[in-house]
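Here the structure comes first, spelled out in structure tokens, and everything after it is commentary.
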Amino acid sequence: MKRSLLRCLVALVLSTTFVSAQTKQSVMLAGAPPMGWNSWNWFAGKVTDKDIRQAADLIVSSGMRDAGYIYVNIDDTWEGKRDAAGVLHTNDKFPDMKALADYVHGKGLKLGIYSSPGPQTCAGFEGSYGHEQQDADLYASWGIDYLKYDLCGFRDVMDKEAPGDKLKQNRMMRDAFATMHQAILKAGRPMVYSLCQYGFDSVWQWAPEVGGNLWRTTGDINPSFDRMSLIGREQAGLAKYAGPGHWNDPDMLEVGNGKLSLDENRVHMGLWAMLASPLLAGNNLSLLKPEITAILTNREVIAIDQDPLGKQAERIFAEGPVEIWSRPLADGSRALAVFNFGEDDTFLRGITLHLEKAGAGNGWKARDVWAAKDLGPIGDDYKFTLKRHSSVLLRLSR
């Protein structure tokens, strides 16, 4: 009896030690939301080795690296075929992944890659199904620092093996993501682990258990204000699931893409910063305009996103198109954002700043972050005029 109890205690200690080690590694890898650039939103399936090298160069020359953008992430369509031993090779677009990783690392950046737990990726290329450890070992040998793992092709496996059984499918999905996480750990190279499964089955509730450092909470974004704002607003209520080492991911940034106006780009960037979201730019860096660079590299906005307390914003007020979001910051200050998602200007008629709900109070000093202007003490009745699709981002302190 005593021996059985002793074995149980030893197993519990070892299990707790392993979980603690995993947690510690997660926080070290993604203590703040990851920042970088991903190829998909601009290049989609046309991305090449040359594009990634150019992106790395431009991240440095534009000042984005110095602002915190570290990861250069290759999305789908880099994969070739497996050889007789099951080892995956790159296709002609990426002739030497190790050399590419060395180039990116030489710029003071890190390289990310993409795969799927299914037999095929979203674009129909080779997935990692049945080859998880081989692929993790391969990524480690190349020097990969970040893996985006996209459910895509695995949904067919789920439907085939458990037709109509949502509970079993959920277990299969969790197991598939956990399998790759364990393979990454065994490969021995630290890699940020990004789960891409579009928010199915309340992924925020279980993603940390399978090793996720970040997880998509919604379907794909696109460069339209309506889609971006819908995705951002859907993050309401998810703050309790985010923190150092594990983050809600409302998808990549579309700042600088499509026909988004400057105000809309600022709403996008400011909302993602308030949400403690990963900041993964997705624009054509060779066409960066100064005003877009200024938005992406705004140090005060980035400081809110990267705040070490890691508390995601909560929506504290909503009336029609006007919303107010608040998040506490590590130094005791508060970030407060007022958004006008509507089609008309608003004078905030009848709307206060709800400072008490934000954890602040009348007389706190305010700084307008986008305007880089100190406003001095403000009260609940402080009024702004907000144009359509615009915002005010404040940092409040005593």
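For the stretch 287-390, just say rounded, prolate or oblate: build the C-alpha gyration tensor, square-root its eigenvalues into a ≥ b ≥ c, call rounded for a/c under 1.5, and beyond that prolate if a/b exceeds b/c, oblate if not. Cα axes put the stretch 287-390 in the oblate bin. Label positions at His89 and Phe317, each projected 7 Å from the Cα along the C-beta direction, are separated by 6.3 nm. Between 0 and 90 degrees, the angle of helix 262-274 with respect to the longest Cα principal axis of the chain falls at about 60 degrees. Extents of the stretch 73-124, largest first, come to 34, 22, 17 Å (Cα atoms, principal axes, whole angstrom). Using alpha carbons only, how many degrees (0 to 90, rounded to 10) separate the axis of helix 49-61 from the longest principal axis of the chain? Long axis of 49-61 versus the principal axis of the chain: about 40 degrees. Once divided by 2.2 N^0.38 Å, the Cα radius of gyration of the stretch 89-193 becomes 1.15.
If you count, for each residue, the other Cβ atoms within 10 Å and average over each peptide, how do 40-51, 129-140, 207-218 line up from highest to lowest?
Listed from highest to lowest mean packing, they are 207-218, 129-140, 40-51.
Using a probe of 1.4 Å on the protein chains alone, the accessible area found for Glu234 is around 100 Å².
Using a probe of 1.4 Å, the accessible surface attributed to Arg334 totals some 50 Å² when neighbouring protein chains are kept in position.
Report, for the chain, the % of DSSP beta bridges that are antiparallel, rounded to 5. Within the chain, antiparallel bridges account for around 60 percent of the total. In terms of the Cα gyration tensor, with a ≥ b ≥ c the square roots of its eigenvalues, is the stretch 281-347 rounded because a/c is under 1.5, prolate because a/b exceeds b/c, or oblate? It comes out oblate by the Cα gyration axes. For the chain, the per residue solvent-accessible surface stands at 43 Å², with DNA, RNA and ligands left out and a 1.4 Å probe.
Can you pull the percent of the chain's accessible area that's carbon plus sulfur, 1.4 Å probe, other chains left in place?
53 percent
Calculated on the Cα set of the chain, radius of gyration then Dmax: 22.2, 74 Å. In this structure the amide hydrogen of Arg388, modeled in the peptide plane, comes within under 5 Å of the amide hydrogens of Asp345, none closer than 5 places in sequence on its chain. Ranked by solvent-accessible area (1.4 Å probe, protein heavy atoms only, all chains present), the residues Trp142, Trp37 order from largest to smallest as Trp142, Trp37. Taking a straight Cα-Cα cut-off under 24 Å and skipping sequence neighbours fewer than 8 places away in the same chain, the lysines within cross-link reach of Lys373 are Lys289, Lys357, Lys365, Lys383, Lys387. Extent of the stretch 194-347 along its three principal axes (Cα atoms, max minus min coordinate, largest first): 41, 36, 30 Å. A simple rule links phi to the HN-Hα coupling: the Karplus curve 6.51 cos²θ - 1.76 cosθ + 1.60 with θ = phi - 60°, which for the stretch 246-252 gives 8, 9, 5, 10, x, 5, 6 Hz, with x for Gly and Pro. Taking amide H atoms as placed 1.01 Å from N in the peptide plane, the amide H of Gln306 has no partner under 5 Å among residues 5 or more positions away or on other chains. For the chain, take the longest principal axis of its alpha carbons; what is the angle in degrees between that and the long axis of helix 97-106, to the nearest 10 within 0 to 90? Approximately 40 degrees, to the nearest 10.
When each of the peptides 316-324, 55-63, 164-172 is scored by the mean number of other C-beta atoms lying within 10 Å of its residues, the order from highest to lowest reads 55-63, 316-324, 164-172.
The values are calculated or read from the model by the stated rules, or taken from the named source; none is laboratory data. Bear in mind the structure is a predicted one, so any value in this text is a computation, not a measurement. Note: ideal-geometry Cβ built from the backbone for every residue, glycine included; neighbour counts use all protein chains shown. Note: areas computed on protein heavy atoms with side chains; ligands, DNA, RNA excluded. Shrake-Rupley method; radii C 1.70, N 1.55, O 1.52, S 1.80 Å.
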